[in-house]
Ligand code: MN
């Protein structure tokens, strides 16, 4: 059905580790997104189907729109129940780490995880794994951990244990990490996997509405305000900037997640190659950038905003006023043009 990308040795070792274990926990990264929650819950559904006592633990709260995923009610949030979470991890005889590559990404669970005696299986799609695990299944070419998990589950012979709930959770992760099949989705096999998940009963339309098209009135107003009143477009510099002060956020009763995706919006304007969004937090200015083609926003964020990330999606922080953070961005536009856009490499790109 699909080409197995995970090597046989790893799959055999995973089978052995899972067979030996009775009590299993899954752990994902801090600020869990649809791929982290989706892969955790799908693992729980599949392994409980074969009789394992398994619980999903998250370091802190996930966004509200993930709460409707099947099984989400039974997730243990370590921010609310730190002792219970630590007890589960310490008593587990297998720990499955999902969707993160460095131990500190486990947030408040980092220390417990580091000291836990149980063997660990890591299943992840981020570049540069540094976690010390018994078995590492790392495939950065995968669009989502949920996609890799599908190969994994098939590889250990548990395709039949994928029920409707597991399928829905895996599709949620794939849709999250590809922006509902907008990017990182050129692999034809992704659509074979998606077809299998839909065949198993995953409701893509429902997932789309819950994950991508559910906003509070305040959130819609905040985003519209940001674009109408706060978006600066630098056509000659191929750049755009949106800033939001604390007062503005408060005016629209901002809650975490409300400005998710806002930074991408200016990239819809023809000619705009990179976009920056700055949000005033209580202690710093949170900076996020997105770009097209070879324009490296990770370099900009690393050089000027103490951060980093991927070529086309990066972030950082600025300690100072929002005006200064914005002025710095504006002052770099000319130089960015010379350095990254006017070179022959970029000119040959079809964007
Ligand atoms: Mn992911």
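Mind checking which residues of the range 311-323 are outside any strand (DSSP E or B), surrounded by 15 or more Cβ atoms within 10 Å (Cβ to Cβ) and at pLDDT below 95? 312 - this is the single residue of the range 311-323 that is outside any strand (DSSP E or B), surrounded by 15 or more Cβ atoms within 10 Å (Cβ to Cβ) and at pLDDT below 95. The residue that is modelled with the lowest pLDDT, counting only those in the range 100-132 that are touching a strand residue (DSSP E or B) at 6+ places or on another chain (Cβ under 9 Å), assigned to a loop (DSSP other than H, G, I, E, B) and more than 28 Å from residue 185 (Cβ to Cβ), is 132. Checking each residue in the range 140-163 for being farther than 13 Å from residue 38 by Cα and either within 16 Å of the ligand (Cβ to nearest atom) or assigned to a helix (DSSP H, G or I) (or both) picks out 140, 141, 142, 143, 151, 152, 153, 154, 155, 159, 160, 161. Set side by side, the residues 190, 244 differ, and just one is in contact (Cβ under 8 Å) with a residue 12 or more places away in the chain and within 16 Å of the ligand (Cβ to nearest atom), which is 190.
Candidates 336, 298: the one that is surrounded by 17 or more Cβ atoms within 10 Å (Cβ to Cβ), over 25 Å from the mean Cα position of the chain (by Cα) and in a helix (DSSP H, G or I) is 336.
Considering each residue of the range 18-30, count those that are within 12 Å of the ligand (Cβ to nearest atom) and farther than 14 Å from residue 55 by Cα, and give that number. Selection size over the range 18-30: 1.
When the test is whether a residue is more than 30 Å from residue 1 (Cβ to Cβ) and either surrounded by 15 or more Cβ atoms within 10 Å (Cβ to Cβ) or more than 23 Å from the chain's Cα centre (by Cα) (or both), residue 255 does not pass it.
Test residue 176 against the criterion of being within 15 Å of the ligand (Cβ to nearest atom), surrounded by 20 or more Cβ atoms within 10 Å (Cβ to Cβ) and in a helix (DSSP H, G or I), and give yes or no.
Values: within 15 Å of the ligand (Cβ to nearest atom): yes; surrounded by 20 or more Cβ atoms within 10 Å (Cβ to Cβ): yes; in a helix (DSSP H, G or I): yes.
In short, yes.
Inside the range 91-123, residues that are out of contact with any helix residue (DSSP H, G or I) (no Cβ under 6 Å at 6 or more places or on another chain) and at positive phi make up a count of 1. A count restricted to the range 2-30 and to residues that are in contact with a helix residue (DSSP H, G or I) (Cβ under 8 Å, 6 or more places away or on another chain) and within 25 Å of residue 69 (Cβ to Cβ) stands at 12.
The values are calculated or read from the model by the stated rules, or taken from the named source; none is laboratory data. Worth saying up front: this structure is predicted, and the values here are computed from it rather than measured. Counting neighbours? That spans all protein chains shown, and the Cβs are built from the backbone with ideal geometry, glycine included.
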